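Read through the structure below, which is laid out as structure tokens, and then see the notes.
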Amino acid sequence: AELERTFIAIKPDGVQRGLISEIISRFEKKGFKLVAIKIMIPSKDFAQKHYHDLKERPFFNGLCDFLSSGPVVAMVWEGEGVIKYGRKLIGATDPQKSEPGTIRGDLAVGVGRNIIHGSDGSETAKDEIALWFTPWELVSYTSNAEKWIYG
Ligand code: DAT
Ligand code: MG
């Protein structure tokens, strides 16, 4: 399998609502491989860096306050097509528009409390992984399941 990686974060609402294992299990059961994970409380400054693309939006300040309001579970997941398919597992930004079966569709209601973040493309994935993790926190390994997942 090719080494495509994406950055996924369980936001403070997902952590406080006890959804860490539920969210991780959806990526794990799909067949994606967890290559980095940690829990941290991002500073406001760090949240602003993470969401820098949205700094002109009216909700930017509230969004950054929210992301830095409590523990976040930061992860890197690896697998074929994981960036695009990860977004599919997550569902639409507004949980009201997310399909049932998606993480936001099944588990969230309000757009400002949509429980999970996922990189939206290969450039942002690269940037976000570099922002949240040092290279030595990323673990490259072979999963014995790979031949049963990819053939
Ligand atoms: P996504 O998280 O699906 O990539 P985004 O990058 O456009 O969505 O926005 C980042 C986050 O900002 C999103 O998860 C929730 C919040 N957000 C987006 N649009 C919003 C809105 N109209 N009102 C309040 N919060 C919003
Ligand atoms: Mg986004």
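Just so it is clear, none of the values below were taken in a lab; they were calculated from the coordinates. For clarity, every value in this text was computed on a predicted model and none was experimentally measured. Positions of Cβ are backbone-derived with ideal geometry, glycine not excepted, and every protein chain shown enters the neighbour counts.
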Ranked list, fewest to most other Cβ atoms within 10 Å of each Cβ, for T102, T142, T6: T142, T102, T6
Within a Gaussian network of the chain (alpha carbon springs, distance under 10 Å), most fluctuating of G18, G70, G118: G18
Inter-site label distance for D53 and E28 at 7 Å from Cα along Cβ, in nm: 2.9 nm
Taking Y85, Y141 and counting other C-beta atoms within 10 Å, the order from fewest to most: Y141, Y85
Cβ-placed point charges (K, R +1; D, E -1), dipole of segment 77-116 about Cα centre in debye, nearest 20: 140 debye
Unit charges at the beta carbon, dipole of segment 83-149: most positive-side option, W132, A108, S119: A108
Residues V109, V82, V35, sorted so that the one with the fewest Cβ neighbours within 10 Å comes first: V109, V35, V82
